[in-house]
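*Asks:* Below is the structure I would like to discuss, written out as structure tokens.
The values are calculated or read from the model by the stated rules, or taken from the named source; none is laboratory data. This structure is a prediction, so every number in the text was calculated from the model and none was measured. FYI the Cβ positions are ideal-geometry reconstructions off the backbone, even for glycines, and counts take in every protein chain you see.
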Amino acid sequence: MSQTQQGSFTYTDGGQKIKAVFVIGETRFKFIGSMGDLAATIDYPAVLSYDDVSQLRGKGLPFVVEVGIQSVTIRIRDGPTIVADVGADVSPESMLGGTGDWTDEPR
């Protein structure tokens, strides 16, 4: 990926949903997805990696969540990746999947 952007990553609804938010230029991009159970609601800084802003649009996009020892990586179809360093052990290490939607709005 040639571009990166700082943002935020949140587990919501007891870990069954994720939300990632990034501001690029004058636009706020959100990726909201549903997946299997992880943990309680948690909010972390995150980094988005992408090649072109056109990748940050779409609905019903499949993604894979790799839960590591101290990080969560979301790989979205067509390339964008979101990485959150949670700074503490995430238990258990696992791989989950789901689908999600990009939205954008003026910031």
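*Asks:* Scanning the stretch 42-62 for residues that are surrounded by 20 or more Cβ atoms within 10 Å (Cβ to Cβ) and within 9 Å of the chain's Cα centre (by Cα), which turns out farthest from V23 (Cα to Cα)?
*Replies:* A46
*Asks:* Further question: Output the qualifying pairs, or none if there are none: Cβ atoms under 7 angstrom, residues six or more apart or on different chains, first residue in the stretch 70-98 and of a type outside the set (K, R), second residue at pLDDT 80 or above and outside any strand (DSSP E or B).
*Replies:* Filtered contacts from the stretch 70-98: D78/Q55; G79/D51; G79/Q55; P80/Q55; P80/L56.
*Asks:* Let me ask something additional. Do we have any residue at all in the stretch 65-74 that's of a type in the set (A, V, I, L, M), modelled with pLDDT under 80 and out of contact with any strand residue (DSSP E or B) (no Cβ under 8 Å at 6 or more places or on another chain)? Talk me through it step by step, then tell me what you get.
*Replies:* Taking the stretch 65-74 and keeping what is of a type in the set (A, V, I, L, M), we get 65, 67, 69, 72, 74.
After this cut, where a residue has to be modelled with pLDDT under 80 as well, the list is 67, 69.
Filter once more, so that each one left must be out of contact with any strand residue (DSSP E or B) (no Cβ under 8 Å at 6 or more places or on another chain): 69.
The answer is yes; a qualifying residue exists.
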